[in-house]
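The values are calculated or read from the model by the stated rules, or taken from the named source; none is laboratory data. Just so it is clear, the structure is predicted and the values come from calculations on it, not from any experiment. Note that each Cβ is placed from the backbone with ideal geometry, even for glycine, and that neighbours are counted across all protein chains shown. Just the protein is used for accessible areas: all its heavy atoms, side chains included, with ligands, DNA and RNA removed. Shrake-Rupley method; radii C 1.70, N 1.55, O 1.52, S 1.80 Å.
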Amino acid sequence: MIFKPHFRGAILVAAAITGLVTLASPARADRCDDSAKELANQVDRLKVNFRAANVVYLTHPLAKELSVACRGDKYSIELYAKGDRKPKPEFYALVGSMAAIVFTVTKDDTTTGATRCLKRMGLLRGDKVAMRYRRLNMECTRTKTDASIVITRGKDE
């Protein structure tokens, strides 16, 4: 007697269970997409440009580059903004309002932190400044033509 296993029935049962599990789990939007949509709705002249991997790129007339990134090695969410070497007060206000929305901190606190970080760069402290303000990590960098700020919140906070 030859033993013929019937795998067709087992495969159909496994496929049915897999289909039910995928249909039963709720569809969740990514935090980056939610943050980018909320930013675009609340900040004037801000547009969502495109998404690549876990980064959503944004555009605004006051900034050269803007992006929101999620789930890095050491952070849960990151806000990146790049502007002129000597930023204008409007740029500080833009970064402050975006950080307030993304990190759910008051706008005054985020604007103050971003302004302090960007203004500390110079002859005495150099072109790279890292600081912590209101449980947010801020790192400002300056080149000959640009100044940028990266605001992150750690995974454990």
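Could you list which residues have their amide H under 5 Å from that of ALA63, counting only those 5 or more apart in sequence or on another chain, with H placed in the peptide plane?
Result for ALA63 returns nothing.
Using a 1.4 Å probe on the protein heavy atoms only, what accessible surface does CYS32 show? Give it in Å² to the nearest 10.
The value for CYS32 is about 0 Å².
Probe radius 1.4 Å, ligands and nucleic acids left out: which of THR106, THR115 has the largest accessible area, and how do the rest follow?
I get THR106, THR115, largest accessible area first.
Each residue of the range 74-82 in order: what ³J(HN,Hα) in whole Hz does its phi give by Karplus 6.51 cos²θ - 1.76 cosθ + 1.60, θ = phi - 60°, with x for Gly and Pro?
10, 9, 9, 8, 9, 10, 10, 9, 10
First select every other residue whose beta carbon is under 9 angstrom from the beta carbon of TYR75; then total the charges, Lys and Arg +1, Asp and Glu -1.
+2
Below 8 Å between Cα atoms, with a sequence gap of 6+, how large is the relative contact order for the range 65-150 in percent?
Relative contact order of the range 65-150: 28 percent.
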